Amino acid sequence: MKEKKEPRAKLERKNILNLAFWTGAWVITMAISTYGSIYIWESNALLSVLAISLNFVVGIGMIFSNIRHLNSLDELQRKIQLEAMGIALGLAVVGGLAYSSLDQTNIIGYNAEISHLVILIGISYMAAILIGNSRYR
Amino acid sequence: MKNKIKVLRAEYELTQEQLAEKVDVSRQTINAIEKGKFDPSLPLAFKISKLFKMSIEDIFQNE
């Protein structure tokens, strides 16, 4: 029997919701693993390892959910995503290493944190998606 | 690349949304192709040509 194909818009919505769920779960487990050892279980190593492991496993789920989401996009949407990822990755490498050099040479008065790099990747990726979408509107 | 999709769509009385659904892409993609901002892949060009019962060369022309 021929399987009935799900409409594109419905499938996309389903995959976006799925990705939002996994991303939300990853953020929550990240917050638990980061602040749990400070405010909840007070440096209990076993609980910290469990929380970090859970965060890692949920992160893997988020990656697979993102792959499924990308595979459900059409060719133009994939092109927009690819360009945005290229910009975000390029900026992460170039900007991240330059930022690290600024820290090592003591030009900036604070430590270069990995979280700053994550913020740079997030902002550049979102900006590139918005620009890409407006370019092909 | 120039194309006749907008004209053919009007002849077949299809909206961008309806054409997008028939060839399994988003409305944004059909709009970008019509405006010449995006060149479709060969499989998508085949789908469009099959739908309008024309050859790819008759629908898409290299500028």
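Every number in this text was worked out from the coordinates using simple rules, so none of it is lab data. Since this is a predicted model, take the numbers as computed values, not measurements. Note: ideal-geometry Cβ built from the backbone for every residue, glycine included; neighbour counts use all protein chains shown.
What distance in nm lies between label points placed 7 Å from Cα along the C-beta direction at A:S53 and A:A127?
Rounded to a tenth, the inter-label distance reads 4.1 nm.
Could you give the dipole magnitude of chain B about its Cα centre, charging the beta-carbon of Lys and Arg +1 and that of Asp and Glu -1, in debye to the nearest 20?
Magnitude of the dipole: close to 40 debye.
Within chain A, what's the longest run with no GluC sites (Glu not before Pro) in a DSSP loop and at most 11 other beta-carbon atoms within 10 Å? Give the range, please.
Looking at chain A, A:43-112 is the longest stretch - no exposed GluC sites (Glu not before Pro) with at most 11 other Cβ atoms within 10 Å.
Can you sort B:T29, A:T105, A:T29, B:T15 so the residue with the fewest Cβ neighbours within 10 Å comes first?
Result, fewest neighbours first: A:T105, B:T15, A:T29, B:T29.
Based solely on its DSSP helices, what 222 nm [θ] is calculated for chain A when runs of n ≥ 4 H residues each add -39,500 (n - 2.57) and the sum is averaged over all residues, nearest 500 deg cm²/dmol?
Per the formula, -29000 deg cm²/dmol.
Mind jotting down the distance between the C-alpha centroids of the range A:43-58 and the range A:105-121, whole Å?
So the two Cα centres are separated by 26 Å.
If a/c stays under 1.5 just call it rounded; otherwise compare a/b with b/c (prolate if a/b is bigger, oblate if not). Do that for the range A:56-95, with a ≥ b ≥ c from the square roots of the Cα gyration tensor eigenvalues.
Oblate, since a/c reaches 1.5 and b/c is not below a/b.
Please report, to one decimal in angstroms, the Kirkwood hydrodynamic radius of the range A:74-137 built from all distinct Cα-Cα pairs.
Roughly 12.8 Å, rounded to one decimal.
Find how much the distance from B:S41 to B:R27 grows on full extension, using 0.36 nm per residue of separation minus their present alpha carbon separation; answer in nm with one decimal.
3.5 nm
With unit charges on the beta carbons (Lys and Arg positive, Asp and Glu negative) and the dipole taken about the Cα centre of chain A, which residue among A:P7, A:S124, A:S134 sits farthest to the positive side?
A:P7
Give, rounded to the nearest 20 debye, the magnitude of the charge dipole that chain A has about its Cα centre when Lys and Arg contribute +1 at Cβ and Asp and Glu contribute -1 at Cβ.
900
Å³ per residue of the Cα convex hull, for the protein assembly as shown?
Residue-normalised Cα hull volume stands at 171 Å³.
Using only helices, what value at 222 nm comes out for chain B when you add -39,500 (n - 2.57) per DSSP H run of length 4 or more and divide by the total residues, to the nearest 500 deg cm²/dmol?
-14500 deg cm²/dmol
Cα centroids of chain B and the range A:75-92: how far apart, whole angstrom?
Rounded to whole Å, the Cα centres lie 24 Å apart.
Which pairs break 22 Å Cα to Cα here: B:K4/B:K35; A:K14/B:K37; A:K14/B:K47; A:K79/B:K50; B:K4/B:K47?
A:K14/B:K37; A:K14/B:K47; A:K79/B:K50
Spelling out what I want: for every residue of the range A:104-109, take phi, set θ = phi - 60°, compute 6.51 cos²θ - 1.76 cosθ + 1.60 (Karplus), and round to whole Hz; glycine and proline get x.
5, 8, 6, 6, 9, x
Can you work out ³J(HN,Hα) from phi for every residue in the range B:23-37, in order, using Karplus 6.51 cos²θ - 1.76 cosθ + 1.60 and θ = phi - 60°, giving whole Hz and x for Gly and Pro?
Along the range B:23-37, the couplings run 9, 6, 9, 7, 4, 4, 5, 4, 4, 5, 5, 4, 7, x, 7 Hz.
Using 1/(1 + (r/R0)^6) with R0 = 30 angstrom and r between the beta carbons of A:L120 and A:K10, what's the FRET efficiency to the nearest 0.05?
With a Förster radius of 30 Å, E is 0.30.
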